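Everything on this sheet refers to the single structure shown next.
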Amino acid sequence: MELLLKIASVGIVTSVVCQILTRSGKDELSMVASLAGMIIALLMIVDQVRDLFDTVKTMFSF
């Protein structure tokens, strides 16, 4: 549940920043901010998936 809240907060902040940049006429920076937000969220998910695979690996190791 904590991970979902973190990802949602990153999404909300990214959305607000993109809207501000778009309305001020800086569409290129808005795209960069959007990509940065997506990369941050994906890094959070990758860390959790790695922990999951490590747990499964230790469970089934002989």
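Read-outs: derived from the displayed coordinates by stated rules, not from any lab. All of these numbers come straight from a predicted model, not from anything done at the bench. Virtual Cβ from ideal backbone geometry, glycine too; neighbours counted across all protein chains shown.
Numbers at a glance
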| read-out | value |
| --- | --- |
| Using alpha-carbon coordinates, inclination of helix 2-23 to the longest axis of the chain, degrees | 20 |
| Whole-number D in µm²/s for the chain (Stokes-Einstein; Kirkwood sum over Cα pairs; 37 °C, 0.692 mPa s) | 247 |
| Nearest-20 debye value, the chain charge dipole, Cβ charges on Lys, Arg, Asp, Glu | 100 |
| Trypsin sites (Lys or Arg not before Pro) within region 1-38: DSSP coil, no more than 14 neighbouring Cβ in 10 Å | Lys26 |
| Proxy reagent accessibility, fewest Cβ within 10 Å first, across Thr14, Thr58, Thr22 | Thr58, Thr22, Thr14 |
